[in-house]
Structures are given as structure tokens and as C-alpha cells.
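S.K.: Structure incoming, see below.
Derivation of every value follows stated rules applied to the coordinates shown; laboratory data play no part. Keep in mind that this is a model prediction, so the values were computed, not measured. Here the Cβ positions follow ideal geometry from the backbone for every residue, glycine too, while neighbour counts run over all protein chains shown.
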Amino acid sequence: MSKVHDIAAIARRFQIDGQFFGAKPFGSGHINDSYCVTFHQAGEPVRYMLQRINQSIFKNPVAVMENIQRVTSHLAAKVSGEPDCNRLVLTLISARDEKVWHLDADGNFWRAYRFIEKARTYDSVESAKQAFQAAKAFGRFQKLLVDLPSPRLHDTIADFHHTPKRFAALEQALDLDVARRTIKAKPEIDFAFARKSIADVLLDADLPERITHNDSKLNNVMLDDVTGEGICVVDLDTVMSGLALYDFGDLVRTTTSSAREDERDLSKVTMQFSMFEALVRGYLDSAGSFLTKAERQHLVLSGKLITFEQGIRFLTDYLAGDPYYKVHRDEHNLDRCRTQFALLESIEQQEERMDRLLRSIE
Ligand SMILES: Nc1ncnc2c1ncn2[C@@H]1O[C@H](COP(=O)(O)OP(=O)(O)O)[C@@H](O)[C@H]1O
Ligand SMILES: [Mg+2]
């Protein structure tokens, strides 16, 4: 399956001065192949991030790159003049043919970014300060893109957060029962059906369409090594039009529980209120100036919704015989579904307190 790519030759196809010096695989992301490549420029090593787009997920890489180019140019214009502005936004390096991607002989799409130095991402949250900074960075990202000129960005993955359609996919998987697993997952199926009404709530709330990141996890925000500030949001493949709350909801899902996504000991899966509070405060610090009243009122619900949605996606994949998410053990997708549902239950138990917090901030 995996192939050795000639990274030096690919890197040289981009407008990078100097001598290629070396490359190494980088990061713990699951989607793209990322390499840190070093060139010597006037005797100094300068690093770049080279990435191969995952074409099994992104069927239209040109549309992905057009979205990223428009978004990064807009962000760059907005932050220009700020101190250290090069580290506040991803900067694409054009290929020698002036496109912002390079298509290799095997049909792979590559892109290159300036490397953001003296900052890093974290796979799991270590402090409330990190949660605050991550949420603030995503809120800022959305805020700076509120006035992105038309046309609408490409929908690179259709109906990404359309929860009713995700629920319909679950119902279809149940009907087909191709892997004959419905009996085994009976409690989880019942759990999902008991909450079916959550699926429509955000879509029915008459919320404005905005530019959203759609993969708003902690490990997609670079935190400054010295100050800990969230300086730059990365991983822009899924940037699209959508609801601002999708990003906030996904932050709640991915940042408030310290347990792994496939943790089997469900007693470890809880929504940590201190992390939720940090997320709310960080997000409102930057996004508070543009969010409507209705958006603010649905912040808690968005965490529930996105956690529910991810749970039903894992459940659907389990019932369909694991076609989408890679599994490393029996019932891996069922375990993942259970952690999402355990987190959702923990949110439900603390919902009143979460609502009270929001009312106290308004
Ligand atoms: N321009 C960049 N400079 C420095 N590090 C980066 C840059 N872009 C991404 N990274 C790092 O590489 C990791 C993987 O990149 P990412 O774009 O998130 O790919 P994936 O889709 O596989 O998650 C990120 O979590 C981040 O740590
Ligand atoms: Mg990533």
C-alpha cells in the first residue's frame, strides 16, 4: 500500500531556494502524509512542511487547494502588519508552474507551507489554558473569515455535519445489517434512537452560515513554545461553509475528555467542566464579537450534537463492517461509539451547570 516517495524531487518542484538538505515524516495526524523538509539557504537551514493530500477522503484535491488558497490569502491580508504575522497563518508555497500544488507522476497531489517554528501541537489536552487558547484560536479564525468575499467555498465533503443524514445512514446500516452485528450493538442502537431528536436542532435553529474549519481539534492549533498562545490554526482541508457551532461543538467533543477516543474503561470518560469553561471563555474572547444571540444560546447543544454525531458515525461503521474507520481490534468501532455516548451522557448530566455558566457570561 504505502509507497516510498522521492521527497527531495517533489520538494524541488516548489519555489524554494537553496539546496535540499533532508526530510523526515512529521506529526501524528491521521489524514495526510506530512514531511518536514529542510533546505539550506545562504548557509542557514530553513524548514518547510510538505504534505500529500489524502485522495481517498478528498476526491477533489484541486477544490481543496482552491479553498485553502482563498482562505489563507484572506487571513494573511487581515493579519499583515501584526508582529510576527508570518506565524499567525499558514503560507502556501507555489510550485514552479505557479500552481499551489504539485501533481506527481503517480497522481499524488502535494502542497508546501512555510514551517511555523517555535510552536507545536498537542494530541491531548494538558491544561485548561491550552483549551482556552485552542478555542480562542478557532474563534479568531472564524472571525477573520466572516467577510470572505463570495463565491461560496467548495463543499469538499458534502453534508459533512448534516446530522440528520448521518442518522439516516445509521438507519440504513441497521436495515442492511451486512455484518450481522445489530444484536451485539443493541444498547448503543437504543441509546441513539432515544436521542434522535437532537439531530435536527442546529439545522432548525436558523443560524447563519459562516466559514468553518470542520476539524477543530487541539492538535490542529499551533501553540507558541514560549507563551503557550494559540497562534495558528492548521489542517485546512475541510474548511468550508457551515455553522460556527460545528467547530465549537467539535472542540467540546475532543478537548473536554482526557480519555482516548477508543478507551474501554468508560469510567474514565467524563466531560471535565473546567475544560468546558476554558473553551467557552476562549471561544467567546475572540468569536464573541460576531456571534448572534441564537448562536450563543446553542453553544452547549453544539457539544452534545457533535458528540452524538460522531458516536452514530462510529456505530454506523461498526454495523456496516468497518468500511471507513481503520480498526485495530475486534469491535474497535463499537468501543469508539461507546466513548462518544459516554461523553454525551456526561454532558447531559452537567447540562444545567453548563447553561448556567453561559448565562453568567452573557
Ligand atoms: N505549516 C506548519 N508548520 C509546522 N508544523 C505544521 C504545519 N502544518 C502542520 N504542522 C504539524 O503537522 C501536524 C500534521 O499536519 P496536519 O495538516 O494537521 O495533517 P493531518 O490532516 O494529517 O492531521 C499538525 O498537527 C502540526 O503539528
Ligand atoms: Mg491535523
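S.K.: Using only Cα atoms, find the angle between the long axis of helix 299-319 and the longest principal axis of the chain, and express it within 0 to 90 degrees, rounded to the nearest 10.
M.R.: Orientation of helix 299-319: about 90 degrees from the principal axis.
S.K.: Pulled fully out, how much extra length does the chain show between Glu98 and Phe273, if you take 0.36 nm times their separation in residues and subtract their Cα-Cα distance?
M.R.: 58.2 nm
S.K.: Residues of the stretch 70-93 with the amide nitrogen closer than 16 Å to a label point 7 Å from the Cα of Glu117, along Cα-to-Cβ, please.
M.R.: 84-89, 91
S.K.: Would you mind getting me the FRET efficiency between Gln55 and Glu82? Use the beta-carbon distance for r and R0 = 41 Å, nearest 0.05.
M.R.: Once rounded, the FRET efficiency stands at 0.70.
S.K.: Rank Ala342, Ala199, Ala179 by mean-square fluctuation in a GNM of the chain with C-alpha springs under 10 angstrom and give only the top-ranked residue.
M.R.: Comparing Ala342, Ala199, Ala179 in the GNM, the peak value goes to Ala179.
S.K.: Can you tell which of Gly242, Gly321, Gly139 shows the greatest fluctuation in a Gaussian network model of the chain with Cα springs below 10 Å?
M.R.: Top of the fluctuation ranking is Gly321.
S.K.: Taking the Cα atoms only, what angle lies between the long axis of helix 61-79 and the longest principal axis of the chain, rounded to 10 degrees?
M.R.: Relative to the chain, helix 61-79 is tipped by roughly 80 degrees.
S.K.: In straight Cα distance, which lysines are under 18 Å from Lys165, not counting same-chain residues fewer than 8 positions off?
M.R.: Partners within reach: Lys196, Lys304.
S.K.: Follow-up question, since we're still on this one. Taking 0.36 nm per residue of separation and subtracting the Cα-Cα distance, what length does fully extending Asp330 through Phe193 add?
M.R.: Working: separation 137, 0.36 × 137 = 49.32 nm, distance 2.40 nm.
My answer for the length gained is 46.9 nm.
S.K.: Just how large is the dipole of the chain about the Cα centre, in debye to the nearest 20, putting +1 at every Lys and Arg Cβ and -1 at every Asp and Glu Cβ?
M.R.: Computed charge dipole of the chain: roughly 360 debye.
S.K.: What whole-number distance in Å separates the alpha-carbon centres of the stretch 195-210 and the stretch 170-194?
M.R.: 24 Å
S.K.: Also: Taking R0 as 22 Å, what FRET efficiency do you get between Thr292 and Val201 from their Cβ-Cβ distance, rounded to the nearest 0.05?
M.R.: Computed FRET efficiency for Thr292 and Val201: 0.90.
S.K.: With a 10 Å Cβ neighbour count serving as the proxy for reagent exposure, in which order, fewest first, do Asp106, Asp159 appear?
M.R.: Placing the least packed residue first, the sequence is Asp106, Asp159.
S.K.: Which of Ile16, Ile93, Leu202 sits farthest toward the positive end of the charge dipole of the chain, with +1 on the Cβ of Lys and Arg and -1 on the Cβ of Asp and Glu?
M.R.: Ile16
S.K.: Take Glu362, project a point 7 Å from its Cα along the Cβ direction, then tell me which residues of the stretch 277-302 have their backbone nitrogen under 14 Å from it.
M.R.: It comes to 292-301, nothing else.
S.K.: Starting from the Cα gyration tensor of the stretch 128-361, take the square roots of the eigenvalues, sort them a ≥ b ≥ c, and report rounded, prolate or oblate (rounded when a/c is under 1.5, otherwise prolate if a/b is larger than b/c, else oblate).
M.R.: Note, shape of the stretch 128-361 comes out prolate.
S.K.: Can you compute the label reach from Lys129? Point 7 Å from Cα along the Cβ direction, backbone N cut-off under 15 Å, restricted to the stretch 218-232.
M.R.: Inside the label zone: 223-231.
S.K.: Does the stretch 7-117 come out rounded, prolate or oblate by the C-alpha gyration tensor, with a ≥ b ≥ c the root eigenvalues, rounded set by a/c under 1.5 and, if not, prolate when a/b is larger than b/c and oblate if not?
M.R.: Working: a/c = 1.56, a/b = 1.06, b/c = 1.47.
Oblate, because a/c is 1.5 or more while a/b does not exceed b/c.
S.K.: Per DSSP helix of 4 or more residues, -39500 (n - 2.57); summed, then divided by the residues of the chain. What does that give at 222 nm, rounded to the nearest 500?
M.R.: Helix-only estimate at 222 nm: -13500 deg cm²/dmol.
S.K.: Going by alpha carbons, how many degrees (0 to 90, nearest 10) lie between the helix axis of 128-144 and the longest principal axis of the chain?
M.R.: 70 degrees
S.K.: List Glu309, Glu348 from most exposed to least, where exposure is judged by having the fewest other Cβ atoms within 10 Å.
M.R.: Glu348, Glu309
S.K.: Which order results if Arg210, Arg114 are arranged by neighbouring Cβ count within 10 Å, fewest first? Let's see the in-between values first.
M.R.: Details: Arg210 21, Arg114 17.
Least crowded to most crowded, the residues run Arg114, Arg210.
S.K.: Another question, then. Of the residues Leu203, Leu319, Leu344, which exhibits the maximal mean-square fluctuation in a Gaussian network model of the chain defined by a 10 Å Cα contact cut-off?
M.R.: Leu203
S.K.: If you take every DSSP beta bridge whose two residues both sit in the chain, what share of them, in percent to the nearest 5, is antiparallel?
M.R.: Approximately 100 percent, going by the DSSP bridge assignments.
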